[in-house]
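Chemist: Below you'll find the structure I mean.
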Amino acid sequence: MSVNGHFANMGEKPTKEQYEHGIQVINENQEFNPTLPNYLSFEKVSPAGFNYHLISVFGSQSTGKSTLLNYLFGTEFGVMSEDDRRQTTKGIWMSKNKKSHAITDSKKMAENILVMDVEGTDGRERGEDQDFERKSALFALATSEVLIVNIWEHQVGLYQGANMGLLKVVFEVNLELFLKDKKSNPRSLLFFVIRDHLGTTPLANLRNTLVQDLSRIWSGLNKPPGLEKSKIEDYFDFAFAALPHKILQPDRFVSEVEKLGTRFREGFRDPRRDAFKNDQDSDGVFLSEYHRRIPADGFSIYAQQVWDQIVNNKDLDLPTQQELMAQFRCDEISREVLEGFDETITPFESKQAEGIRLGQPEVLGGLGAAMRTARMKTIKAFETEASRYHKGVYIRKKGELESKIDGRLKVLFQGQLSAAHKSGVTSFSDAVSAAVKAGQKKGASYDFAVIVDREKKNALSKYDKEARGVVVEGAPWSNYKQEMSLFHKDLNEVSGRLRREEMRRLATRVERWVRSRLGESVGLEFNALGSGRGGSGAPETGERGGESEIWDRIWSVFIKTVQEAERRFTERAKSFDASSGEVDVGLWRLRRKSWGVLRAKIEEEMMEGNLLLKLRENFEDKFRYDEAGVPRIWRPTDDIEGIYTKARESTLTLIPLLSRFQSSHTSTPPPLDDWIGNPPAEATPADEEDLTPIGGVDEEEGKSLEEEMLILSDAKRQDVTTRFKKTADGVYVEAKRSAIGGMTQ
Ligand code: GDP
Ligand code: MG
């Protein structure tokens, strides 16, 4: 006996009194009784091998279950007393059959029948807690060969009253937990015993009603995968019996129970008999196929394992059974519909990944349509299949599925956008360059700003089209506004870069123009030195100043030339939307580069060979020609030496003059530093990188403006002077000779 819900020690010696009412297999605390083996050996069932049977009873509270069992099997399960209506059976009790009900030898009851009495199942006493009822009913169903379903006649056809709801849950869980393996599944007999049968409705009619109810219950079950098509008769046989009212017809009750008792013997399946027509009085109920094939001495362990499985199975917790089934099915449906999704989407995913791996993201054709169809179909298929399961679970699982597919579609979407971005930027840049090149080829002046504007519009509309192509209506991620504005920003950046390139090209063209103009005009200045007429300090002839003002002229022509170049540059640069800062930088660079051009031109002219030639020409001009420009014929009487000295001295003044680029008036260098000006604020390091440093302008150069303007070093001057003098001497000697020669002739 249990004391305060705790089981007696296993070691205790069993007594007859102790097992008077059988044994409580499971107590109200849902604990399995570890002393069950003691009882089975006390009742001498343990050594019986397979020769034993298990029966349970199932039904509403106070429907006379315990009473029936006690009459049928001579057990002494607690019965509610007629005046004190309280629930008596707690948990699950087991007792061995004490009767034989033998009418003849052939109708002798089977040996070793173990009967389990299960707590009533309408939970009146336990309030809302149906948990234990489910568990105990499930335990009875899972272990017993015969389950007596005890039911009042007036309950037949009443879903709730007949506890059909409980049956449904128990069937469902039984299927889920114990009957998955179809090959090894044991059958059981559901033996409906209809109580207080008045006799007005024949048993056959009651039976039909019950069969219909059962079929309805079965078809409404959530069946585990693979068992969707299973039928109730795959797992159960059915038997039906009716008993008269125990109080009103006590004698008939006893005799009918007696008769019923005779059916609890070994039986054989009649092949003509179907699962629902198992109600012939003559049929024994214990078919060998109902037996669990557990040897009697192993039954305790087996029953305990079954109980543990039931108790530890969280799925049995009350409201969740439907939900668990729904979860299971929804997950499965999810997997199924994802297969179709994969079929369509995976190829795109691989292709996109491959493109990214190779660094050549590709805009995938047909992606948008595939995404839309796949998403729509997948969700639709899920809805169709899964919506009939538990609503809450269905909605949650649908959400999970959506976020799963949306996660993948979003990656594809983003991938497509970034491919469109990358290719869009590249083709924009290419298109602008190509249009510029074509414009240059034609020689016509092309409008860079117009080209950029046009190509930008093209690029944006292409991007928009590609992005719109992969928009999936209704998907929360399906928006590319931000990406589009990033694309726009990148196009602006690229066009900025292209414009700067275009500025460089323009600068190069303008510099080339400066070089050619300066080459010409400065060349002319130096060439003019060759004709020494006018000489140093002589009055100016024509528009040109004298030799002494050569640098003034060169500076002024330089300034004018660059001014013109600046005007051209500014005008052109403005036409393609260059900012004033960019223009300032360009102009600043242009002035510096132009100075470089001039400096190079002067250096070229002042190369020793060129310079000596100029000096010689200058000298010869002064020596060989008179003031009127008529060539002199030397006569011995001529003051050759005087003229020579004068011409030579005049030419020699050129050397210091040419040595320094300076104003003839102030003898100071031209204001190159002021003229070039400070680098504009907008100038970047890149803008200064390729510039040659200029003395007096760039402090780091460590050179003064005077040094920058030094054309001939002292040593060079010395050298040139000496060499020029020698040349002049040669000319003089030749003249002298020709004078003498002319005389002798
Ligand atoms: P259990 O809770 O289903 O085990 O029901 P009990 O066996 O404890 O019986 C509950 C009450 O029903 C008791 O007062 C019994 O006397 C009474 N009872 C038992 N059998 C019958 C029956 O066949 N007909 C009617 N009307 N009452 C019964
Ligand atoms: Mg009872």
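The values are calculated or read from the model by the stated rules, or taken from the named source; none is laboratory data. Quick caveat: nothing in here was measured; it's all calculated off a predicted structure. Glycine also receives a Cβ, built like all others from the backbone with ideal geometry; neighbour counts cover every protein chain displayed. The accessibility values were calculated without ligands, DNA or RNA, using every heavy atom of the protein model including side chains. Shrake-Rupley method; radii C 1.70, N 1.55, O 1.52, S 1.80 Å.
Chemist: Expressed as a whole percentage, what fraction of the accessible surface of the chain belongs to carbon and sulfur atoms when a 1.4 Å probe is rolled over the protein heavy atoms?
Modeler: Roughly 51 percent of what the probe reaches on the chain is carbon or sulfur.
Chemist: Here's something else I'd like to know. Are there any trypsin sites (Lys or Arg not before Pro) in the range 622-714 that are in a DSSP loop and have at most 15 other Cβ atoms within 10 Å? List them by number.
Modeler: Filter output for the range 622-714: R632.
Chemist: Which of the lysines could a cross-linker span from K16 if the Cα-Cα distance has to be under 19 Å and same-chain partners fewer than 8 positions apart are dropped?
Modeler: Once the sequence-local lysines are set aside, what remains near K16 is K44, K96, K98, K99.
Chemist: Moving on to the next point. Kirkwood hydrodynamic radius, computed over distinct alpha-carbon pairs, for the range 496-744: how many Å, to one decimal?
Modeler: 20.4 Å
Chemist: May I have the extent of the alpha carbons of the range 324-475 along their three principal axes, as whole Å values ordered from largest to smallest?
Modeler: 79, 28, 17
Chemist: Test of understanding: extend the Cα→C-beta vector of E266 to 7 Å, then name every residue of the range 41-84 with backbone N under 14 Å from that spot.
Modeler: 49-53
Chemist: Also, I was wondering about something else. Assuming R0 = 30 Å, what is the FRET efficiency of D308 and L227, from their Cβ-Cβ distance, to the nearest 0.05?
Modeler: 0.80
Chemist: Now for a different question. Would you tally the net charge around L358, using a Cβ to Cβ cut-off of less than 13 Å, leaving L358 out, and scoring K and R as +1, D and E as -1?
Modeler: The answer is +1.
Chemist: OK, next. Relative to the Cα centre, what is the charge dipole magnitude of the chain, using +1 at the beta carbon of each Lys and Arg, -1 at the beta carbon of each Asp and Glu, and rounding to the nearest 20 debye?
Modeler: 1960 debye
Chemist: Next question, about the same structure. Between E617 and K44, what is 0.36 nm times their sequence separation minus the Cα-Cα distance? Round to one decimal in nm.
Modeler: Extra length available between E617 and K44 comes to 191.5 nm.
Chemist: Oh, and also: Quick one: how many Å² of L657 are accessible to a 1.4 Å probe, rounded to 10?
Modeler: Approximately 40 Å² for this residue.
Chemist: What 222 nm value per residue comes from the helices of the chain, counting each DSSP H run with n ≥ 4 as -39,500 (n - 2.57) and dividing by all residues, nearest 500 deg cm²/dmol?
Modeler: -18500 deg cm²/dmol
Chemist: With label points built 7 Å along Cα→Cβ from the Cα atoms of N678 and S288, find their separation and express it in nm.
Modeler: Distance between the two pseudo-spin positions: 11.3 nm.
Chemist: Something else: Quick one: which of K351/K377; K90/K391; K351/K457 span more than 26 angstrom between C-alpha atoms?
Modeler: Flagged as over cut-off: K90/K391; K351/K457.
Chemist: Under 8 Å for C-alpha pairs, at least 6 residues apart: give me the relative contact order for the chain, rounded to a whole percent.
Modeler: Relative contact order comes out at 8 percent.
Chemist: When we measure straight from the Cα of K736, which lysines land under 21 angstrom away, once same-chain ones fewer than 8 places off are left out?
Modeler: Counting by Cα, and skipping residues close in sequence, K736 has these lysines nearby: K622, K646, K725, K726.
Chemist: Calculate the translational D of the chain in whole µm² s⁻¹ from Stokes-Einstein, where the hydrodynamic radius comes from the Kirkwood formula applied to all Cα pairs, the temperature is 37 °C and the viscosity 0.692 mPa s.
Modeler: For these conditions, the coefficient is 87 µm²/s.
Chemist: Given a 1.4 Å probe, how much area per residue of the chain is accessible, in Å²?
Modeler: 49 Å²
Chemist: Please find the FRET efficiency linking L158 to L198, where r is the Cβ-Cβ separation and R0 is fixed at 22 Å, and quote it to the nearest 0.05.
Modeler: Efficiency for this residue pair is about 0.85.
Chemist: Counting alpha carbon pairs within less than 8 Å and at least 6 residues apart, what relative contact order, in whole percent, applies to the range 617-732?
Modeler: This gives 27 percent for the range 617-732.
Chemist: Something else about it: Size of the dipole of the range 496-744 about the Cα centre, Lys and Arg at +1 and Asp and Glu at -1 on the beta carbon, nothing else charged, in debye to 20?
Modeler: It works out to roughly 920 debye.
Chemist: What do you reckon, how do L358, L69, L460 stack up by accessible area (1.4 Å probe), largest on top?
Modeler: Final ranking, largest accessible area leading: L358, L460, L69.
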